[in-house]
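The values are calculated or read from the model by the stated rules, or taken from the named source; none is laboratory data. On a predicted model such as this, the values are computed, not experimentally measured, just so you know. Quick reminder, even Gly has a Cβ in these numbers, built from the backbone with ideal geometry, and neighbours come from all protein chains shown. These area figures cover heavy atoms from the full protein model, side chains too; ligands, DNA and RNA do not enter into them. Shrake-Rupley method; radii C 1.70, N 1.55, O 1.52, S 1.80 Å.
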Amino acid sequence: MHSFRTLRVIALLLHHPSAVLLAVQLLCVLLYPLLDGSSAGRAILAAFGLIVLGAALQIVRRSPWMTWLGMVLSVLVVTLLGINALWPNAHLDLGAAALLSVFYFYAAGALITYMLHDDIASADELFAVGATFTLLAWAFAHLFFLCQAFAPGSFVGALNPGEPRSWMELLFLSFTTLSGVGLGDIIPLAPMARALVMIEEFTGVMYIALVVSRLITMTANARRKP
């Protein structure tokens, strides 16, 4: 009986990869402040990152997008992360951040295509709404990391304004910008940093206006049908 329930849970998770992706991403948000400062913590977060890649690839396979591109990007990311874990290097950090940003944008686009490929809003597609938001937030956070690396002082914060922003601070800035809340204490100063923030603000508005609103309409129409 126990093994049967385990198989049912596994089958349910495989049937709802968007829910798995969303859960792992949100769990990472809670774990970053606790684990980001130690080597063991970074290893755990890297393992969660691989789970995110796997869940995103599972979704990409279900979309009309080119699966091989996602596979190539994921292999390159895993390779760079593995090499950087063995031989830490700042250039590898930048390369991994660039590839992760491209992969997250690619996965977000695949998720949007997956959500809008028909006129029925399934349960997994509703989970995909949140998963896509987190993927976009992560993608822009990696762009912020690259911008800060190439142009020091691009972002300033209330705490230690002269120091580079931590990954958690950049992710916080990305979430507040994409959601349009605007409650952050991290300010973009460099021209490129402000340009990236403006693009993310535009992306967040268009995502809600076009994707989320269409799914809400699809769900409402499905409830009205006999």
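Report note on the peptides 136-148, 163-175, 193-205: ranked by the mean count of other C-beta atoms within 10 Å, highest first, their order is 136-148, 163-175, 193-205. Computed over protein heavy atoms with a 1.4 Å probe, the accessible surface of the stretch 112-196 works out to 45 Å² per residue.
Shown for the stretch 70-120: the carbon plus sulfur share of the solvent-accessible area, taken with all protein chains present and a 1.4 angstrom probe, equals 76%. Alpha-carbon geometry of the stretch 67-226: the Rg and the Dmax are 17.9, 62 Å, given in that order. The length gained on full extension between Thr113 and Asp93, counted as 0.36 nm times the residue separation minus their Cα-Cα distance, comes to 4.2 nm. As a calculated quantity, the FRET efficiency between Ala158 and Leu27 at R0 = 22 Å, using C-beta atoms, amounts to about 0.20. Can you give the FRET efficiency for Ala123 and Trp68, using 1/(1 + (r/R0)^6), R0 = 35 Å, r = Cβ-Cβ distance, to the nearest 0.05? FRET efficiency, Ala123 to Trp68: 0.80. Model label points for Met192 and Phe150, set 7 angstrom from Cα along the Cα-to-Cβ axis, are 0.4 nm apart.
Distance from the C-alpha centroid of the stretch 129-172 to that of the stretch 185-205: 10 Å, rounded to the whole angstrom. Each Lys or Arg adds one and each Asp or Glu subtracts one; over the other residues with Cβ under 15 Å from the Cβ of Ala139, this totals -2.
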